[in-house]
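Student: Supplied in structure tokens, the structure appears directly below.
Throughout, read-outs are computed from the coordinates displayed, never taken from laboratory work. These numbers come from a predicted model, not from an experiment. Here the Cβ positions follow ideal geometry from the backbone for every residue, glycine too, while neighbour counts run over all protein chains shown.
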Ligand SMILES: [Fe+2]
């Protein structure tokens with residue numbers, strides 16, 4: 001299971017984000033392993049769960065970015081949209097039984113995009129939120 005740099009944070013909601021990331025990566029890994037052994041039903045079940053989990057995660061992060069006025073929100077949301085298009089391609093490929101030559105590279109590319117495009121940005125978002133939360137309240141004093 002992947003470890004993310006912010007897992008040491010004690011905040012419950014950061015832990016939730018981390019658990020969501022781990023679930024997303026686990027589900028896409030299940031799609032690959034099921035495809036490689038020809039278990040179409042398992043691949044189909046996992047790709048649906050993957051799209052559902054990742055979509056909900058994106059929506060949650062976008063709500064957080066809006067709530068905390070994250071300055072890089074638009075850039076991160078644009079990356080979500082790019083990955084989302086590939087997620088739908090993957091779902092279609094699995095459902096149409098396109099085979100491992102199509103499914104596996106697409107799943108690997110999506111997984112790499114989560115690690116290389118999205119997770120590093122999430123660290124920036126979390127740092128931003130922690131900074132905002134640590135500012136003195138305007139009502140104080
Ligand atoms: Fe994320």
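Student: Go through (1) under 12 Å from the mean Cα position of the chain (by Cα); (2) over 20 Å from residue 19 (Cβ atoms); (3) loosely packed, with under 12 Cβ neighbours inside 10 Å one by one and return the number of the condition residue 120 breaks.
Tutor: The number of the failed condition is (2).
Student: Answer yes or no as to whether residue 34 is without any contact (Cβ under 8 Å) to a residue 60 or more places away in the chain and either surrounded by 19 or more Cβ atoms within 10 Å (Cβ to Cβ) or under 19 Å from the mean Cα position of the chain (by Cα) (or both).
Tutor: Yes.
Student: For residue 88, state whether it is within 16 Å of the ligand (Cβ to nearest atom), assigned to a helix (DSSP H, G or I), without any contact (Cβ under 8 Å) to a residue 40 or more places away in the chain and under 19 Å from residue 55 (Cβ atoms).
Tutor: So residue 88 fails the test.
Student: Quickly run through the stretch 92-103 and pick out the residues that are surrounded by fewer than 17 Cβ atoms within 10 Å (Cβ to Cβ), in a helix (DSSP H, G or I) and either touching a residue at least 40 places away in the same chain (Cβ under 8 Å) or within 16 Å of the ligand (Cβ to nearest atom) (or both).
Tutor: Passing the criteria: 95, 100.
Student: Test of understanding: among 49, 125, 64, which residue is under 21 Å from residue 22 (Cβ atoms), away from the ligand (no atom under 14 Å from the Cβ), more than 12 Å from the chain's Cα centre (by Cα) and surrounded by 15 or more Cβ atoms within 10 Å (Cβ to Cβ)?
Tutor: On inspection, the qualifying residue turns out to be 49.
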